[in-house]
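Please treat every number below as a calculation from the coordinates, not as lab data. Note that this is a predicted model, so its numbers are computed, not measured. Note that we place each Cβ from the backbone using ideal geometry, even for glycine, and neighbour counts take in every protein chain shown.
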Amino acid sequence: MRITTKEELQTILPQVIDNTPIVDLHTHLYGKSFGKLLLWGIDDLLTYHYLTAEYFRYSDLPYQDFFALPKQKQADEIWNTLFLQRSPISEAQRGVLTVLRTLGLDLTSRNLDEYREFFAQITIEDFIDQVFTAANIESVVMTNDPFDQLEQQVWNKGMGNQDPRFKASLRLDVLLENYLQVIPVLQKWGYRVTKHLDETTLREIRRFLEHWIDKINALYVGASFPPSFSLPEDSIRGRLIEECVIPVCRTKNIPFALMIGVKRQVNSHLNLAADSVGKTDIRPVEYMCRAYPDNKFMVTTLDRGSQHELAVTARKFPNLMVFGCWWFLNNPSLIQEITLMRTELLGWAYIPQHSDARVLDQLIYKWEHSRQILTAVLTSKYGDLLDAGWSLERSVIERDVRQLLRDNFLHFVQR
C-alpha cells in the first residue's frame, strides 16, 4: 500500500507500531520457574520503588515504620497518599492507571480490594500470557546475577530457561564493584582466585564468566556503573573489565552492556529507591570502542546531559549500540526529546527503548506509553519525507519499525 499523504500516514503508522512485536532487551523480570523473584499484581505494582520515593514526598510516616509494614499495608499507604488524596499525574502513577485500564478494571471505583480480587483469581501462567499479549511482547531479557542464591538454585536445577520468552543476560555488578567481598564465594565454587590479580586469578575469572554465559545462554554481559566510571583505569574494576570481561565477550561474540550514571544510596533509608543520578563522562565509551574494535558495546546513560555526546559517539563507532531511556529518563517529555535527537543523528541505527520493568504488569504501561512517543517522533520524520516528495509503502514502514523494536537488538547480539 502506497502512502502519499500525511492523513494516510497518521492512520497507518500507529497501526504498524502497535502491531509490531517487541523484544525488550533489559528488564528485571523473571519467568515462572524463578518463583517469588517474579513480581506481579497490584501490591507489587504499587510498592514499586518509583512510587515509594514519591510517597515519601508527602508522608510523615518514618521510613523504618513504613518498611516494617506488610506489603499489602504499604500498598494501601501508597494508594491512599498518591492516588486518593491527590491526582495521580506522575509517570509512575499514570502507569498504574494504564495497567488497570488495560486489564479491564474499573478506575472509577478506586477500590483497591476489587483490584486485588482480580489478581487473586488469575494464575501466574495465564497472567504472563495476558500481559505479553496486551503489550505485544515477543520476548524479554532478564537481569541474572550469578551471586544471587535464589537464582543460583533455579539455574542449578536446569529450570532457568523453561519459558523461551524469558531470555538471560549475565549481570556483573557484584563481581566488578565488590570483587574483594566475593573472593570467598568464588573460592567455594572451586575457582582459584585471590585478591592479587595475577594470571591464575584472571584466568579463573575468565573461566567463571565463560561458564555462566554458557550455563544461562546469556545474550549479553552487563553492569551498571557510577558517574565516576572511567577506562582505562588502574583499579580492580578496570583490570577485570579489560582483562576478563572484554576478552570473554569477544570470544563468545556477545556485547558488553554498560549502564552508566547511577549514584548509589544517596538516601539509604529509601532502600531500593535510594539511588540517584550523576553526570556521565562519555570518554570511557570512546576508549573502549576505539581500543577494542572487535568487541560489541551496548550503552545507555542515566543523565539527560550525556545523550547528545553518546549519540555522536555512536556515529563514529559501528561497534556501539545506543539503547533505551533508562530509569530517571523514563519520562515521556525526555523520551520524546532523546528519541527525536537520536533519530536525527543515527537514523534507524539505535534501540529507542527498553522497559526496565521490575513488575510484570509494567510491561503494559511502559510499552503503551513508549509506542505513543515513537508514533509521534516517526510521524514527524516520515512527514518530512512526504514533504520532500518521497513516497512511502506500508511494507517499508513495517520494516523500519521492526528494526527499532526488535531486529536491531537481535542482529547486534547474534552469537
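Could you list, bin by bin from short to long, the percent of Cα-Cα pairs of the stretch 333-394 in 5 Å steps?
Computed distribution, short to long bins: 3, 16, 23, 22, 17, 10, 5, 3, 1, 0.
Please compute the contact order of the chain in relative form: average sequence separation of alpha-carbon pairs under 8 Å and at least six residues apart, divided by the residue count, as a percent.
24
Counting helices only, and only those DSSP H runs with n ≥ 4, report the 222 nm mean residue ellipticity of the chain as the sum of -39,500 (n - 2.57) divided by its residues, in deg cm²/dmol to the nearest 500.
Computed mean residue ellipticity for the chain: -14000 deg cm²/dmol.
Two decimals, Cα atoms only, Kirkwood Rh: what is Rg/Rh over the stretch 1-158? Display every interim value, and only then the final one.
Details: Rg = 19.1 Å, Rh = 18.4 Å.
The Rg/Rh ratio comes out at 1.04.
Please list, or write none, the lysines whose alpha carbon is within less than 21 Å of the alpha carbon of Lys6, excluding same-chain residues fewer than 8 places away.
The qualifying lysines are Lys381.
Report the Cα-based extents of the stretch 263-415 along its three principal axes, largest first, to the nearest Å.
56, 40, 31
Normalized C-alpha radius of gyration of the stretch 143-283, against 2.2 N^0.38 Å?
It is 1.08.
Sort 201-213, 114-126 by packing, meaning the average of other beta carbons within 10 Å per residue, with the highest value first.
On the way: 201-213: 18.4, 114-126: 13.2.
Descending packing order for the listed peptides: 201-213, 114-126.
As an exercise, use a Förster radius of 51 Å and the Cβ-Cβ distance of Arg110 and Arg402 to find the FRET efficiency, rounded to the nearest 0.05.
Plugging the Cβ-Cβ distance into 1/(1 + (r/R0)^6) gives 0.85.
Multiply the residue separation of Arg57 and Lys252 by 0.36 nm, subtract the distance between their alpha-carbon atoms, and state the gained length in nm to one decimal.
Values: separation 195, 0.36 × 195 = 70.20 nm, distance 4.61 nm.
Between Arg57 and Lys252, full extension yields 65.6 nm more.
Given the chain, what percent of its DSSP beta bridges are antiparallel, to the nearest 5?
Details: 4 of 27 bridges.
In the chain, approximately 15 percent of DSSP beta bridges are antiparallel ones.
Return the lysines within reach of Lys316: Cα separation strictly under 22 angstrom, same-chain partners fewer than 8 residues apart disregarded; answer none if there are no such residues.
The reachable lysines, counting only those whose Cα sits under 22 Å from Lys316, are Lys279, Lys296.
What residues from the stretch 332-346 fall in the zone where the backbone N is under 13 Å from a label point 7 Å along the Cα-to-C-beta line of Arg315?
Once the point is set 7 Å along Cα→Cβ of Arg315, 341-346 turn out to lie under 13 Å by backbone N, inside the stretch 332-346.
Looking only at Cα atoms, what is the convex hull volume of the stretch 43-124 per residue, in Å³?
Hull volume over Cα atoms, normalised by residue count, gives 97 Å³.
Going 7 Å from the Cα of Glu393 along its beta-carbon direction, which residues of the stretch 1-20 have the amide nitrogen within less than 15 Å of the resulting point?
Under 15 Å, as judged by backbone N against the label point of Glu393, lie 1-4 of the stretch 1-20.
Work out the FRET efficiency for Asp18 and Leu346 from their Cβ-Cβ distance, taking R0 = 22 Å, and round it to the nearest 0.05. Mind showing how you got there, number by number?
Working: r = 24 Å, r/R0 = 1.07.
Efficiency, rounded to the nearest 0.05: 0.40.
Any idea how far apart Ala376 and Phe118 come out in nm if each label point goes 7 Å out from Cα toward Cβ?
Using points 7 Å along Cα→Cβ, the separation is 2.6 nm.
Please compute the Kirkwood hydrodynamic radius of the stretch 1-94 from all pairs of different C-alpha atoms, in Å with one decimal.
Numbers: mean 1/r = 0.0599 Å⁻¹.
One over the average 1/r among Cα pairs gives 16.7 Å for the stretch 1-94.
Can you pull out the trypsin sites (Lys or Arg not before Pro) in the stretch 49-104 whose DSSP state is coil and whose Cβ has at most 16 other Cβ atoms within 10 Å?
Taking the stretch 49-104 and a limit of 16 other Cβ atoms within 10 Å, the loop trypsin sites (Lys or Arg not before Pro) found are Arg57, Arg86.
Can you report the principal axis dimensions of the chain using only the alpha carbons, biggest first, rounded to whole angstrom?
Extents along the principal axes: 63, 59, 39 Å.
Which lysines, if any, have their Cα less than 19 Å from the Cα of Lys32, not counting same-chain residues under 8 positions apart?
Straight-distance partners of Lys32: Lys157, Lys167, Lys215.
Going 7 Å from the Cα of Lys279 in the Cα-to-Cβ direction, what parts of the stretch 219-242 have a backbone nitrogen less than 19 Å from that spot?
225-231
Treating only the Cβ of Lys, Arg, Asp and Glu as charged (+1, +1, -1, -1), what charge dipole size does the chain show about its Cα centre? Round to the nearest 20 debye.
940
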